[in-house]
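Peer 1: Below is the structure I would like to discuss, written out as C-alpha cells.
Bear in mind that the values in this text are calculations on the coordinates, not laboratory data. Note that the structure is predicted; figures quoted are calculated from it, not measured. Don't worry about glycine lacking a Cβ; one is built from the backbone with ideal geometry, like all the others, and counts go over all protein chains shown.
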Amino acid sequence: MFRRTLLVLPLVTMLSAAPKPASIPAYKEGLDALSARLWEVAATRFQTALETPDLDAAGRQTILLRLAETRIRAGEAGEAMSILEDPALEGHAEIPFWKGQALAADGRLMEALTLLDGDAIAPTAPHFREALFTRAALLQALGNQNAALDALAVLAKDRDAATALRARLESADILLSRGRAEEALTAIPPLNARMSPRQSARAELLRARAQLEKGEHVAATGIFSALMAKAGDDPAFKIYRTEAAVGLARAQLAGGNREAATDGLIAFIEDERDSPKIGMAFPALLDCLPETPDADDVILTRLREWCPPPVIKVPAVINAGNGSTGVWPAAPVAEDELATQALYYLALGLRREGSTPSKDQARRLLTRLRLDYPEHPLAERALLENARWDLADGRNEQAAAALSALDGSNSAPVLRAEASISAAASAFAAGDHALAASESAKAADLLDGDARRGATINGAISRLAAGDLPAFQKIAADPKAPRSVKTELELEQSLFLASQRDSTALASLDRFILAHPDHPRLPEARLAAALAALEGTPPDTAFAIAQLDSLSPEQAGELPPAALAMARIQIAGRENRWADAVALAKDFLASFPDDPRKDEFRFELGNAYYENGDFNDARLELAKLAADAPAAPQAEAALLLAARSSALVTTPEAKRESLVLFDKVIGNKGALADTARLMKARALGPADAAKELLPWFEEMRKDHPLRLRVGLELGDALYNSAGTDPAPLAQALRIYETLLADLSADSMDRPEIEYLRGRVLEQLPDPKLPTKKREAEALDVYFSVLEAATRQAPSDWRWVDRCGVRALTLLESAQRWEAAIGVAEMHKKLASPGAPAAAERAKALKLEHFVWDEE
C-alpha cells in the first residue's frame with residue numbers, strides 16, 4: 001500500500017570513508033545494499049563489518065553511522081537511537097543530524113526540530129543542507145509554514161545549484177498548500193532552468209497546480225494534459241502520472257466539466273489498478289460525486305464493481321457490527337489497495353446518498369474493510385467514521401460500541417481522541433458548551449504534541465463560549481503554553497469580541513491579521529474583520545472590501561456561505577448598489593433555501609428592493625416574510641418596511657394596505673411601535689398627519705427620545721395643512737417655541753427649529769396689522785442663527801445656509817439692498833457649503849445697485 005513519508009534523506013552520503021572500512025568487503029556490500037534500498041541486507045552487512053578485528057575508532061564510527069542510517073531508513077527509529085548512543089560516537093559531529101532523523105522517523109517531531117537547529121544547520125556542519133531540508137519538512141508537518149519557508153529561503157540562495165533548485169520546488173509546494181499561487185509561480189524554476197528530468201516533471205506539475213489554484217482551470221487543464229501525455233513514455237514524468245491525473249480531473253471539475261473529470265478518473269483507476277499510489281485518485285473521484293447522488297450514479301456503480309466479493313470469516317449466526325463481534329479475529333485477506341479504497345469511498349458515497357438502506361450498507365462496508373484489511377490505515381479511519389456517523393445520527397449505544405472497539409486497536413488513544421473531538425463538535429453545535437469542553441479535555445489527555453494543543457484550544461474555545469472567562473484566560477495566560485496555542489486563542493478571543501459586537505473587536509482582528517499574514521485561519525479572521533468594519537460607527541466599507549478582496553476563491557469557499565454572502569450584501573448596500581444586493585440575496589436563497597439564516601436574507605432582499613425603488617416587490621417580499629415567520633427576529637422590522645413600501649406604491653389599494661400594516665406594528669406594541677406611528681403620519685396627508693401626531697406629542701414626556709422628531713413632524717404637518725387658515729400656523733409656532741424652550745442655548749438642534757419657526761412667521765399675519773406678515777420677526781430669527789454660527793459652528797450647516805438664503809430673500813424682496821449685501825457678506829464668512837454662493841450674491845448685488853465698499 002502507498003504511505004507517504006515525511007522525509008527523504010540522501011542516499012549518497014557525504015562522509016569520507018576511512019581507509020579500513022572501505023577495504024572491508026562487508027562494509028562495501030552494505031553500501032551497495034543501502035543504495036539498493038535493501039535495508040535488512042545492509043544492516044546485516046554493517047553488523048558483520050563491525051566484527052572486523054583491529055577496527056580503529058574512526059572506522060567503527062563510520063560503520064556505526066551507516067548502520068544507524070540504515071535503521072532509520074528501515075523505520076526502526078528505536079534501534080537507530082540505541083546505535084547513536086554508542087560511546088564510540090560520543091561527540092561526533094554527525095550525531096545531532098542523525099538523531100534528529102531518528103526522532104523524526106519516530107514521530108517525535110518537536111524533539112527532532114530542537115536537535116536540527118543551531119550548530120546542526122550551520123554551513124560548516126556535516127549534512128547541513130539536508131538538516132535544513134529536514135527542518136523545513138518538520139516545521140511544515142507542525143503547521144509552521146512561515147518558518148518552513150524561511151528555512152528553504154536559506155537553501156534557495158545556496159551556491160550549490162541543485163540545492164537551490166530543490167529548495168525552490170519545495171517552497172512552491174508549501175506556497176501552493178497555503179493558496180499562495182502567485183508566489184508559488186515565482187518560486188518554480190523557469191522552463192529554461194537546468195533541471196534533471198524528474199525535477200522538470202515536478203516543476204510542471206507544480207505550475208499546473210498553481211494555475212488551478214489561481215482559478216485558471218483552462219491553463220491548468222492544458223498543463224496537466226501535457227503531463228499525462230509525457231507520462232506515457234517518459235520515465236521521469238511517469239513518476240507523477242497519478243498526481244497529473246488527479247490534477248487534470250480537479251481542473252475539469254473546476255471548469256464545470258464533471259462528466260469529463262469522472263470519466264477520466266475512472267479510466268485512470270482502471271489502468272492503474274495495481275499502483276500503490278492509486279488511493280490518491282479516490283478523494284477526487286468522491287468530489288465528482290453530486291451532493292445528493294442517485295443510487296445508480298456511475299461513480300457509485302464503479303465503486304461497487306471495484307469492491308471485492310465478501311469473504312465469510314465468522315459463523316453466519318454472528319452479525320458484524322461495531323462491537324466485539326465486529327472485530328472477530330480471523331486471518332486477513334491479501335492486501336488489495338484498489339479494493340480497500342473502493343470499500344471506503346463507496347461507504348462515504350452511500351452515506352452521502354442518504355437513504356436509510358444506503359446508510360446501513362455504508363456501515364456494513366466499513367465493517368468489512370476493518371475485517372478484511374485490518375492493517376491498512378483506512379481500517380482505523382473506517383472505525384472512526386462509523387463512530388462519527390453514530391454520533392451524528394444519535395445512535396449513542398452504537399457509538400459507544402465503536403469506541404469500545406477502538407480500545408483494542410494499537411492506535412486506540414489517537415482514534416478515541418478523534419471520536420471525543422467529534423463528540424465535542426456535536427455538543428458545541430447543540431449549544432452544550434460545557435460538555436464540549438469536557439470532551440475536548442478527554443481528547444487532550446489522550447494526545448500529544450500539536451494534536452494535544454489543538455484539543456486544548458478547542459476546550460478553551462468551548463469555555464469561552466460557555467462564558468467561563470477565567471478558565472479561558474488561564475489557558476491564554478499560561479507562560480508554558482506554546483506560541484501556536486497563544487496565537488489561536490488570540491484569534492478566538494477576537495472572534496468572540498466580534499460576536500458580542502464589542503467596539504474593540506475590529507482593532508483586535510486587524511492586529512491579528514497584520515501579525516499573522518500566513519495563519520491558516522486568516523480567511524476567517526478577514527471575514528470577521530469585514531463584518532466588524534461594516535457594523536462599526538461609522539462603517540468602514542473600504543476596509544471591509546479590502547478584506548474580502550484578499551480572499552482567493554478557494555479561501556472564500558472554505559468560509560460559511562451565509563456570513564460571506566451577508567458581508568457582500570452589506571457592502572453593496574453601503575455603496576448604494578442595491579440591484580447587486582438584490583441579486584446577491586436572491587442567489588443565496590436559491591442556493592441555500594433551508595439555511596438557518598434564510599429569514600435574515602429574505603429581509604435583506606426586501607430591504608434591497610426598497611432601497612432600489614422597487615417598492616411593490618419590497619412590499620410583497622416583506623409582508624410574506626412577516627406572515628410566514630411571525631416569530632422571527634426580523635418579523636416586526638419586515639412588517640414595518642412592508643408598510644413603508646406600500647405607502648410608496650402609487651395605487652390607492654397599496655396606500656390603504658400601508659395604513660393597515662402600520663396599525664399592525666403599532667398594535668403589537670413592540671420596539672418599533674413608536675417608529676411605525678411616526679411613519680404612518682408621514683404616509684397620511686398633512687391634515688390627517690397633524691391629527692395623528694398632536695395628541696401623541698401632547699402626552700409625551702419631555703425626555704421621550706422621539707419627542708423632538710415628533711414635534712418637528714407635527715409642525716411640518718400643521719404648516720403644510722394651513723392653506724389660508726392661520727390657525728394651524730399659530731399652532732405650529734407654539735410647537736416650535738415649546739421645543740426651543742426645552743433645549744439648551746447651545747443645542748445643535750436649535751438652527752433647524754429656528755429655521756422652521758422663521759418659515760412659519762413669514763406666513764403668519766401680524767397681529768397689529770393683519771394685512772402684513774410677520775416677516776420682520778422671521779428676519780430677526782434668521783439673522784440670529786447666522787450670528788450664532790459666527791460664534792460656534794453647528795453640526796449641520798444646512799439650516800444656517802437656509803436661514804441665510806431666507807434672510808437675503810426677504811431683504812431683496814423689500815429692496816433693502818445694502819442690508820441684503822450686509823447679510824450676504826456675513827454669510828460668506830462662514831465655513832458653510834453655502835458661503836461661496838453668498839459671496840457671489842453679495843458681489844452681484846453691489847454691481848447691480850452700485851453699492852461700493854468705502855475706502
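Peer 1: For the stretch 193-307, just say rounded, prolate or oblate: build the C-alpha gyration tensor, square-root its eigenvalues into a ≥ b ≥ c, call rounded for a/c under 1.5, and beyond that prolate if a/b exceeds b/c, oblate if not. Mind showing how you got there, number by number?
Peer 2: Values: a/c = 2.84, a/b = 1.52, b/c = 1.87.
Because a/c hits 1.5 or more and a/b fails to exceed b/c, the stretch 193-307 counts as oblate.
Peer 1: Shifting gears a bit: Taking the number of other C-beta atoms within 10 Å as the exposure measure, put Ser552, Ser420, Ser645 in order starting with the fewest. List each step's numbers first, then the result.
Peer 2: Working: Ser552 16, Ser420 24, Ser645 27.
Ordered from fewest to most neighbouring Cβ atoms within 10 Å, Ser552, Ser420, Ser645 come out as Ser552, Ser420, Ser645.
Peer 1: Shifting gears a bit: Please sort by residue number the chymotrypsin sites (Phe, Trp or Tyr not before Pro) in the stretch 788-855 whose DSSP state is loop and whose Cβ has at most 16 other Cβ atoms within 10 Å. Mind dumping the intermediate values first?
Peer 2: Values: sites: Trp797, Trp799, Trp817, Phe850, Trp852; in loops: Trp797, Phe850, Trp852.
Passing sites in the stretch 788-855 are Phe850, Trp852.
Peer 1: In the stretch 161-199, which trypsin sites (Lys or Arg not before Pro) fall in coil by DSSP and have 15 or fewer other Cβ atoms within 10 Å? Write down the numbers at each step before the final one.
Peer 2: Details: sites: Arg166, Arg168, Arg178, Arg180, Arg194, Arg198; in loops: Arg178, Arg180, Arg194.
In loop regions of the stretch 161-199 (DSSP not H, G, I, E or B), the sparsely surrounded trypsin sites (Lys or Arg not before Pro) are Arg194.
Peer 1: Related question: If we count other beta carbons within 10 Å of each Cβ, what is the order of Phe128, Phe282, fewest first?
Peer 2: Numbers: Phe128 19, Phe282 23.
Listed from fewest to most nearby Cβ atoms, that is Phe128, Phe282.
Peer 1: Can you give me the Cα centroid spacing of the stretch 665-721 and the stretch 79-114 in angstrom?
Peer 2: If we compute the Cα centre of each part, the gap is 83 Å.
Peer 1: Projecting each Cα onto the charge dipole of the chain (Lys/Arg +1, Asp/Glu -1 at the beta carbon, about the Cα centre), which of Phe601, Ala220, Asn612 comes out farthest on the positive side?
Peer 2: Asn612
Peer 1: Still on this structure, I have one more. Given H placed on each backbone N at 1.01 Å, which residues far from Lys773 in sequence or on other chains put an amide H within less than 5 Å of it?
Peer 2: Excluding prolines and chain starts, which carry no amide H, the hits are Asp766.
Peer 1: Hey, another quick one. Out of Ala745, Gln763, Ala838, whose Cα points farthest toward the positive end of the dipole of the stretch 743-855 (charges: +1 Lys, Arg; -1 Asp, Glu; placed on Cβ)?
Peer 2: After comparing all options, I get Gln763.
Peer 1: Also, I was wondering about something else. Rounded, prolate or oblate: pick one for the chain, where a ≥ b ≥ c are the square roots of the eigenvalues of its C-alpha gyration tensor, a/c under 1.5 means rounded, and failing that, prolate if a/b is larger than b/c, else oblate. Display every interim value, and only then the final one.
Peer 2: Details: a/c = 2.95, a/b = 2.17, b/c = 1.36.
Taking the square roots of the gyration eigenvalues as a ≥ b ≥ c, the chain is prolate.
Peer 1: Continuing with the same structure: Do you know the relative contact order of the chain, to the nearest whole percent, from alpha carbon pairs under 8 angstrom that are 6+ apart?
Peer 2: Numbers: 1077 pairs, mean separation 29.7, N = 855.
So the answer I get is 3 percent.
Peer 1: Can you compute 3J(HN,Hα) from phi for each residue in the stretch 697-710, using the Karplus curve 6.51 cos²θ - 1.76 cosθ + 1.60 with θ = phi - 60°, rounded to whole Hz and x for Gly and Pro?
Peer 2: Per residue, the Karplus-derived 3J(HN,Hα) values read 4, 5, 8, 6, 6, 5, 9, 5, x, 9, 4, 4, 5, 5 Hz.
Peer 1: Distance between Cα centroids, the stretch 508-560 to the stretch 568-598: provide it in whole Å.
Peer 2: 19
Peer 1: Work from the charge dipole of the stretch 678-823 (Cβ charges, +1 for Lys and Arg, -1 for Asp and Glu, about the Cα centre) and give the residue of Gln731, Leu810, Ala789 farthest towards its positive end.
Peer 2: Result: Gln731, furthest along the dipole toward the positive end.
Peer 1: Which of rounded, prolate, oblate describes the stretch 743-855, given a ≥ b ≥ c as roots of the alpha-carbon gyration tensor eigenvalues and a/c under 1.5 marking rounded, otherwise prolate only if a/b is larger than b/c?
Peer 2: Values: a/c = 2.37, a/b = 1.11, b/c = 2.14.
Note, shape of the stretch 743-855 comes out oblate.
Peer 1: Separate question: Which of the lysines could a cross-linker span from Lys474 if the Cα-Cα distance has to be under 29 Å and same-chain partners fewer than 8 positions apart are dropped?
Peer 2: Those lysines meeting the cut-off are Lys442, Lys486.
Peer 1: Please give the charge dipole size of the chain, origin at the Cα centre, charges +1 on K and R Cβ atoms and -1 on D and E Cβ atoms. Round to the nearest 20 debye. Mind showing how you got there, number by number?
Peer 2: Numbers: 99 positive and 124 negative charges, 35 e Å.
Charge dipole, the chain, about its Cα centre: 160 debye, nearest 20.
Peer 1: Sticking with this structure for a sec: Per residue of the stretch 619-635, in order, report the coupling 6.51 cos²θ - 1.76 cosθ + 1.60 (Karplus, θ = phi - 60°) as ³J(HN,Hα) in whole Hz, putting x for Gly and Pro.
Peer 2: 4, 5, 5, 6, 5, 5, 4, 4, 6, 6, 9, x, 8, 5, x, 8, 4
Peer 1: Around Ala74, what is the net charge, scoring Lys/Arg as +1 and Asp/Glu as -1 over all other residues with Cβ under 12 Å from its Cβ?
Peer 2: Working: positive: Arg37, Arg71, Arg73; negative: Glu40, Glu69, Glu76, Glu79.
The answer is -1.
Peer 1: Turning to a different aspect of this structure: Add +1 for every Lys or Arg and -1 for every Asp or Glu among the other residues with Cβ under 13 Å from the Cβ of Ala267, and state the total. Don't skip to the end; give the middle numbers.
Peer 2: Working: positive: Arg241, Arg273, Arg302; negative: Glu259, Asp263, Glu270, Asp271, Glu272.
The answer is -2.
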